[in-house]
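The values are calculated or read from the model by the stated rules, or taken from the named source; none is laboratory data. Worth saying up front: this structure is predicted, and the values here are computed from it rather than measured. Cβ placement follows ideal geometry from the backbone for every residue including glycine, while neighbour counts extend to all protein chains displayed. With ligands, DNA and RNA removed, areas are computed over all heavy atoms of the protein, side chains included. Shrake-Rupley method; radii C 1.70, N 1.55, O 1.52, S 1.80 Å.
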Amino acid sequence: MPRAGQRPRLVEVAERAGVSLATASRALAGREGVSTEVADRIRRIAHELGYVANPYARTLAGGARSTVGLIVHQVDDPYFSEIAAGVIQLAAEQGLLVQICQSGRDPVYELRQLRHLIAQRVGIILISGSGYDDPRVEAEARAELAAFQDHGGRVAAIGRHALGVDAVLPDNEAGGHALAAHLMDLGHRHIAVAAGSAGLTTVADRLTGVTAALRQRGLRSADLIVVHGNFTRGGGRAATEQILNEHPETTAIVALNDAMATGVLSTLRSRRVPVPGRISVVGFDDVSVAADLAPSLTTIRLPLTEMGRTALALALKPRAARPRRRATGHLLVVRDSTGPAPTT
């Protein structure tokens, strides 16, 4: 019998039913090889004991450690596709398969995808993308991942602070600081930010860096125009329309990722606003197309493909007593989209 306060185990169900552990497992999983009479008896005893199948143990016992589950925010964003490329490269070298899921920056759907991967019997789970600044939002995901690891699964994250797992952490705050300092070195004082959705830690960290640089140059945080929207090209277009309509004095726009920066440049071009003659534009990430935009985009370079490889490499290591952290560093890449502030 199970001890008080302990969850009944499969071995106890098997012992009570007088069958082997393998037979009890097959019966409860609904697999062939067990007579109807025996299977019914096993299920009845499991119900009487209060036995609940452990999805993690079943998953990992199923021998699917050759599959890596990768959850990203948005598969068509080059930031995530380049990270995925790094994961796939190392996975191929290790003889592993990769299954990719998209969360759409929805923590509820992300949790559903996480549980789906566990049900699909993956051995490694990687989560890439911003965390959420409300700790309650991530509590369920953290609990699921902790249970998964406790039963032998391996986990690593990219860009997540609070999941309690190994993580690759982009240099978001320092990168935001470098962008704002670059613009102010060019004489810009009327700066606006096309920011992603409020509530994302990546947005908060990059914005913190921008505002810190402004304060160091004697500007107030209140002087900075911040427009939140989707962390996408469409979000960049919408933010730029609002900035142009409500803050025509703006001489520089900081887009907090390159996808938004692409939307910023598109709107400025359609509105016939010269870049950088009238407004300078900067992005963040340095995705592969950033150098090919017109004008080419000044941005912060992150080692995206290497970030994917590093995350999987962490997950392949034995679990450490404390979650490991790997910082990415950053590089300001100056291209044609920034220039001196226009004189009045």
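Let me know the Kirkwood hydrodynamic radius for the stretch 123-191, please, with Cα pairs as the basis and the value in Å to one decimal. Don't jump to the answer; show the numbers that get you there.
Values: mean 1/r = 0.0706 Å⁻¹.
Its Kirkwood hydrodynamic radius stands at 14.2 Å.
With a bin width of 10 angstrom, please list the P(r) values of the stretch 215-340 as percents of all Cα-Cα pairs, from the 0 bin to the one holding the largest distance.
It works out to 12, 37, 28, 15, 7, 1, in whole percents.
Diagonalise the Cα gyration tensor of the stretch 253-302 and give the resulting equivalent ellipsoid semi-axes, square root of 5 times each eigenvalue, largest first, whole Å.
Ellipsoid semi-axes (Å, largest first): 17, 10, 9.
Could you provide, to the nearest whole Å², the per residue accessible area of the stretch 118-271 with probe 1.4 Å? Numbers along the way, then the final one.
Values: 5510 Å² over 154 residues.
Normalised by residue count, the accessible surface of the stretch 118-271 is 36 Å².
Could you please state how large a percent of the accessible area of the stretch 79-215 is carbon and sulfur, counting protein chains only and using a 1.4 Å probe?
52
Using the alpha-carbon atoms, what tilt in degrees (0 to 90, nearest 10) does helix 78-93 show relative to the longest principal axis of the chain?
The two axes meet at around 40 degrees.
Take the Cα of R189, step 7 Å along the line toward its Cβ, and report every residue of the stretch 208-224 whose backbone nitrogen sits under 11 Å from that point.
Hits in the stretch 208-224 for R189 at 11 Å: 218-220.
As a test of the definition: which semi-axes, in Å, follow for the stretch 142-295 when you take the square root of five times each eigenvalue of its alpha carbon gyration tensor? Largest first, please.
Three semi-axes, in Å: 32, 17, 13.
Roll a 1.4 angstrom probe over the protein heavy atoms and tell me the percent of accessible area of the stretch 255-344 that is carbon or sulfur.
Ligands and nucleic acids excluded, carbon and sulfur reach 53 percent.
Would you pull out the residues with amide H under 5 Å of I100's amide H, same chain only if 5 or more places away, H placed 1.01 Å from N?
Amide H neighbours of I100, under 5 Å, 5+ apart: L70.
Per DSSP H run of at least 4 residues, take -39500 (n - 2.57); add these up for the chain, divide by its residues and hand me the 222 nm value, nearest 500 deg cm²/dmol.
Calculated from helices alone, the mean residue ellipticity at 222 nm is -14000 deg cm²/dmol.
For the stretch 275-344 and the stretch 145-218, what is the separation of their Cα centres, given in Å?
Measuring centre to centre over Cα atoms gives 11 Å.
Which entry is the computed semi-axes √(5λ) of the Cα gyration tensor in Å for this structure: [x] 43, 29, 17; [y] 36, 27, 18; [z] 51, 18, 17?
[z]
Quick one: Kirkwood hydrodynamic radius for the stretch 157-229, alpha-carbon pairs, angstrom, one decimal?
Its Kirkwood hydrodynamic radius stands at 12.9 Å.
If you scale each eigenvalue of the Cα gyration tensor by 5 and take the root, what three semi-axes come out for the stretch 87-168, rounded to whole angstrom and sorted largest first? Please list the in-between numbers first.
Values: eigenvalues 83, 38, 32 Å².
Semi-axes (√(5λ), whole Å): 20, 14, 13.
Roughly what angle does helix 172-185 make with the longest principal axis of the chain, taking Cα atoms, 0 to 90 degrees, to the nearest 10?
Helix 172-185 sits at roughly 10 degrees to that axis.
Quick check: residue separation of Q99 and Q120 times 0.36 nm, minus the Cα distance between them. What number comes out in nm?
Full extension from Q99 to Q120 adds 6.6 nm.
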